[in-house]
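In what follows, a single structure is set out as structure tokens and then discussed.
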Amino acid sequence: MKSLRCTSLLIILTGCAARSDFKFARTSTPKPAAISRSLSDDFWWGVSSSSYQTEDAGPDEENLGFKTDWDLAYESGFIKYPRANGVGSYSQFGRDLAAMKGLGVTHYRFSVEWARVEPTPGRFNEAAIGHYVQMCKAFREAGITPIVALWHFTFPAWLSAKTPEDHGWLHRDFQSHWEPYVARMVESLAPYVDLWAPENEPNTYALGALVGALPPGGGRASYSRYLKTLNIEADAFHRAAALIRKKQPSARIVAIENIIHWKPDAFDFGRFWYTKGVEYNYYHLDKIVDACDLIGINYYFSEVASPLARLAQSLRSGPKVSDLGWIIDPAGLEAEIVAVSNRYGKPMLITENGIADQTDQKRQSYIADHLHAIERTRCAGYDVRGYFHWTLVDNFEWAEGYTAKFGLFSLDPNTRELVPKPSCETYRSFIGSKSIATPSTQRTNVARSGD
Ligand code: FCB
């Protein structure tokens with residue numbers, strides 16, 4: 001932490017401002033050596049975020065005291081950390097936009113907070129919707145194409161229940177409110193948005209529901225609840241996609257799933273857990289793939305398919321894992337791009353990829369190595385059209401609160417300004433060079449620029 005702050009300070013002192021247009025340090029070292037031209041001009045470079053993880057309250061008229069199910073779960077004591085006032089990405093989206101312009105991204109993926117735009121069932125908050133419209137317009141005007149997710153893990157408090165069996169997707173009022181919400185957002189944002197993700201990682205959410213790890217908490221682990229959740233999510237995806245296409249025929253729909261690279265375990269007789277792992281990756285996607293134009297892969301790590309893996313995860317440390325014990329495995333991304341392509345034959349985006357790394361020591365090579373993996377698949381003819389780093393700024397990482405640091409920037413708690421980490425320069429130079437460096441060359445550049 002200390003060294004990160006020192007490095008950031010040095011970056012500022014050497015003239016790469018941490019404010020306004022975020023001019024990053026120009027390194028005296030050569031640009032990353034291109035080993036191919038496979039990431040060309042039309043490759044999408046982005047960052048991803050979500051509303052609940054980054055938004056502040058905003059002005060009263062754009063807030064109206066709304067609550068999500070996560071807020072309720074914090075109040076009930078089930079969620080340990082408060083989200084509090086986020087990292088300001090609602091009121092200060094101009095600050096984030098400036099940071100993105102500095103990076104040179106072409107796309108930004110974020111989500112709308114359903115609870116904010118519909119704080120009470122059936123009554124939309126026009127001021128809040130207007131704010132999201134302004135946001136999308138500003139990004140468009142800056143040459144950054146928005147991809148809007150309509151659901152990223154949170155529900156309005158009015159879709160909350162006491163038990164997981166009746167909560168969120170499974171709430172009795174969900175069915176009648178989902179389509180009007182989708183329709184309202186499409187009507188308002190369509191002038192600026194034509195890339196829509198109805199859901200983010202429905203498979204991760206269903207798994208969380210299986211083990212009772214999500215709001216409202218409680219309830220026994222239930223495999224049937226897992227399947228029921230996945231099926232309802234798939235139905236909701238179809239309904240949203242159909243509505244979006246009807247209202248905006250030019251729209252493109254992105255299906256975003258969490259894809260883990262599962263490795264077989266020698267003690268997994270009959271490959272039971274491995275099969276369940278593969279089912280986790282594909283169950284929802286199999287059901288909705290016909291309704292999407294692009295498959296968004298959120299890839300972070302590989303894992304041994306064994307019930308003990310989760311326990312092992314919390315004990316792991318060292319250079320080959322993230323601060324959360326997630327195994328760093330760029331070859332796993334390569335394998336999963338090939339697997340997803342072979343299974344579905346659709347164009348792909350890497351809609352999330354990043355690392356919890358408090359000191360920013362691992363993020364630079366993490367970015368380089370994963371981009372390199374993407375490049376290899378593109379050279380082999382696989383249709384990967386873009387890469388979105390998770391995430392712009394350290395934010396509220398669900399059950400981990402603010403302890404897990406995934407950002408290219410940290411947040412100055414006093415000024416609320418974004419402070420670039422050395423890995424910002426790594427990502428910026430990849431985007432700028434429109435090429436891929438060998439990881440070792442990239443590491444040399446980064447070490448110099450962060451000195
Ligand atoms: C993904 C989630 C995202 C964030 C990252 C670290 O699974 O979609 O919200 O928590 O993990």
* Structure fact -> In the chain, whole DSSP H helices that both stretch 18 Å or further along their axis by alpha carbon positions and average at least -0.5 on the Kyte-Doolittle scale are 126-141, 174-189, 223-247, 330-344
* Structure fact -> Once Leu308, Leu72 are ranked on solvent-accessible area with the largest value leading and a 1.4 Å probe, the list reads Leu308, Leu72
* **Fraction of accessible area attributable to carbon and sulfur, the range 307-355 (%, probe 1.4 Å)** => 60 percent
* Using 1/(1 + (r/R0)^6) with R0 = 41 angstrom and r between the beta carbons of Lys101 and Arg316, what's the FRET efficiency to the nearest 0.05? -> 0.65
* Asked: Which links in Lys162/Lys263; Lys101/Lys421; Lys228/Lys276; Lys67/Lys162; Lys67/Lys421; Lys247/Lys346 stretch past 26 Å when you go from one Cα to the other?
  -> Lys162/Lys263; Lys67/Lys421
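Have a look at the DSSP beta bridges in the chain and tell me what percent are antiparallel, nearest 5.
20 percent
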* Over the chain, give the accessible area per residue in Å² for a 1.4 Å probe, as an integer. => 39 Å²
* Full extension from Ser176 to Ala331: what is 0.36 nm times the residue separation minus their Cα-Cα distance, to one decimal in nm? -> 51.5 nm
* Structure fact -> Length-normalised contact order of the range 120-203, Cα under 8 Å, at least 6 apart, in percent, tallies to 44 percent
* **Whole-Å distance, taken between Cα centres, linking the range 160-198 and the range 355-387** => 32 Å
* To do: Assign unit charges at the C-beta atoms only (+1 for Lys and Arg, -1 for Asp and Glu), then state the dipole size of the chain relative to its Cα centre in Debye, rounded to the nearest 20.
  => 940 debye
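The values are calculated or read from the model by the stated rules, or taken from the named source; none is laboratory data. The shown structure was predicted, so the numbers you read here are calculated from the model rather than taken from an experiment. We place every Cβ from the backbone using ideal geometry, glycine too, and count neighbours over all the protein chains shown. These accessible areas exclude ligands, DNA and RNA; they are computed on the full protein's heavy atoms, side chains included. Shrake-Rupley method; radii C 1.70, N 1.55, O 1.52, S 1.80 Å.
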